[in-house]
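No value in this document is a laboratory result; all are computed from the given coordinates. All of these numbers come straight from a predicted model, not from anything done at the bench. Reconstructed Cβ throughout: ideal geometry from the backbone, glycine too, with neighbour counts over all protein chains shown.
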Amino acid sequence: MPKSQVRKKKVYTPPTDVRPTTASSSSSRKPSPVWLPITAVALIVVGIGWLVLYYLSEQEYPVMAWGYWNLAVGFGAMVASLALLSRWR
């Protein structure tokens with residue numbers, strides 16, 4: 001049986017006018033500081049703890065005078081942690 005010819009593939013070279021600049025490449029971006037994920041996890045824990053304490057104490061703690069604004073504080077802490085985690089590399 002005759003053997004088929006082996007075709008050589010051409011090496012791909014991207015066009016020069018479309019290449020990304022070195023400033024926007026991901027290799028030049030610095031990694032996140034160590035405090036960022038630690039702070040984000042701490043905010044999540046504080047937010048959940050605030051809400052759990054608020055519900056289990058029947059709206060007396062952490063701050064009774066704030067009333068339902070305690071919910072805003074708890075959820076606000078968790079949203080702030082999401083904002084921090086969106087900047088994590």
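Taking the chain as a Gaussian network, Cα atoms linked when under 10 Å apart, which of Leu43, Leu71, Leu56 shows the biggest mean-square fluctuation?
Leu56
Can you give the angle from 0 to 90° between the axis of helix 35-56 and the longest principal axis of the chain, with both taken from C-alpha atoms, to the nearest 10?
The angle comes out at about 40 degrees.
Expected output is a single nm value to one decimal: the length gained when fully extending between Val45 and Leu82, i.e. 0.36 nm times separation in residues minus the C-alpha distance. What is it?
Gain on stretching Val45 to Leu82: 12.1 nm.
Using label points projected 7 Å from each Cα along Cα→Cβ, tell me how many nm separate Ser57 and Trp35, to one decimal.
A separation of 2.8 nm, rounded to one decimal place.
So what are the chain's ellipsoid semi-axes, whole angstrom, largest first, if each one is the square root of 5 times an eigenvalue of the alpha-carbon gyration tensor? Walk me through the numbers on the way to the answer.
Details: eigenvalues 629, 68, 24 Å².
Output for the chain: semi-axes of 56, 18, 11 Å.
Pairing the Cα long axis of helix 69-85 with the longest principal axis of the chain, what angle in degrees results, from 0 to 90 and rounded to the nearest 10?
Taking Cα atoms only, the helix is inclined about 20 degrees.
Take every Cα pair under 8 Å in the chain that's 6+ residues apart, average their separations, divide by the length, and report that relative contact order as a whole percent.
Once normalised by length, the contact order is 35 percent.
In what order do Ser57, Ser86, Ser81 fall by count of nearby beta-carbon atoms within 10 Å, going from fewest to most? Walk me through the numbers before you get to the answer.
Numbers: Ser57 12, Ser86 8, Ser81 20.
Sorted ascending by nearby Cβ count, the order is Ser86, Ser57, Ser81.
So what's the convex hull volume per residue for the Cα atoms of the stretch 33-85, in Å³?
56 Å³
Between Val46, Val63, Val79, find the one with the highest GNM mean-square fluctuation for the chain; connect C-alpha pairs within less than 10 Å.
For the chain, modelled as a Gaussian network with Cα springs under 10 Å, the answer is Val63.
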